[in-house]
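> Handing you this structure, nothing more for now.
The values are calculated or read from the model by the stated rules, or taken from the named source; none is laboratory data. Owing to the predicted nature of the structure, the values given are computational and were not obtained by experimental measurement. Note that each Cβ is placed from the backbone with ideal geometry, even for glycine, and that neighbours are counted across all protein chains shown.
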Amino acid sequence: MGAIGEPKQVKLFCGIISSDEEIKQKSFDRLKEKLGSIDLISDVMPFDFSSYYNPEMGDNLKRFWISFEKLVSAAELADIKVFTNSIEDTFAMDNKRKINIDPGYITPANVILATTKDYSHRIYLKKGIYGEVTTIYQKNNYIKLPWSYPDYLSPIAVEFLLKARTALMNKLRRK
């Protein structure tokens, strides 16, 4: 029987979609206030993988990722998702979001996303939040799973995830 232990420390990140620079900056301020310094920001790319967010958030959406310097416990993910949803609500207009902030974390082996939507490949965490293994790390790269979002496999995303994973591995080695 394995011993029950504390969750490992992980690299927290957020995937962000928005077309509003001012709301993006104000959201960054709220995120840094609660989650600490941002250490990596990906390149920005058009979010043209899906039109899912367009009716709510409009056109010309941009997608990018940020990660945080401080490692967190994997057990915090659901609470962080509740917090990021509150940021989205703060900046909503007429019950329509102007920014989408999806937190997740990186481990040496995979990328986990938090979501409010249940599905066959997701597990319940708490507070109405589910966790999803979005992609896994194999042979120095992230590989596609049947449910992987295409933007998470884009060159910009993979470059960001690999840099964030390297930062995580360096911190774990120093502990």
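> Conditions: (1) touching a strand residue (DSSP E or B) at 6+ places or on another chain (Cβ under 8 Å); (2) surrounded by 17 or more Cβ atoms within 10 Å (Cβ to Cβ). Residue 56 meets all but one. Number of the miss?
With (1) touching a strand residue (DSSP E or B) at 6+ places or on another chain (Cβ under 8 Å); (2) surrounded by 17 or more Cβ atoms within 10 Å (Cβ to Cβ) applied to residue 56, the lone miss is (2).
> May I pose another question? Could we say that residue 124 is at pLDDT 95 or above, closer than 20 Å to residue 49 by Cα and of a type in the set (Ser, Thr, Tyr) here?
It is false that residue 124 is at pLDDT 95 or above, closer than 20 Å to residue 49 by Cα and of a type in the set (Ser, Thr, Tyr).
> Restricting to segment 1-53, name every residue that is charged (D, E, K, R) and touching a helix residue (DSSP H, G or I) at 6+ places or on another chain (Cβ under 7 Å).
Of everything in segment 1-53, those that are charged (D, E, K, R) and touching a helix residue (DSSP H, G or I) at 6+ places or on another chain (Cβ under 7 Å) turn out to be 8, 11, 30, 34, 39, 43.
> Assess whether residue 15 counts as being small (Gly, Ala, Ser), assigned to a strand (DSSP E or B) and either within 24 Å of residue 106 (Cβ to Cβ) or in contact (Cβ under 8 Å) with a residue 24 or more places away in the chain (or both).
It is true that residue 15 is small (Gly, Ala, Ser), assigned to a strand (DSSP E or B) and either within 24 Å of residue 106 (Cβ to Cβ) or in contact (Cβ under 8 Å) with a residue 24 or more places away in the chain (or both).
> Then there's this: Could you tell me which residue of segment 16-35 is surrounded by the most Cβ atoms within 10 Å (Cβ to Cβ), considering only residues that are farther than 21 Å from residue 77 by Cβ and within 16 Å of the chain's Cα centre (by Cα)?
Per the criteria, the residue is 18.
> If residue 118 satisfies every condition in (1) outside any loop (DSSP other than H, G, I, E, B); (2) in contact with a Phe, Trp or Tyr (Cβ under 8 Å, 6 or more places away or on another chain) but one, which is the exception?
All conditions pass for residue 118, except number (1).
> Please find, among 27, 67, the residue that is touching a residue at least 12 places away in the same chain (Cβ under 8 Å), within 17 Å of residue 167 (Cβ to Cβ) and hydroxyl-bearing (Ser, Thr, Tyr).
Of the residues listed, the single one that is touching a residue at least 12 places away in the same chain (Cβ under 8 Å), within 17 Å of residue 167 (Cβ to Cβ) and hydroxyl-bearing (Ser, Thr, Tyr) is 67.
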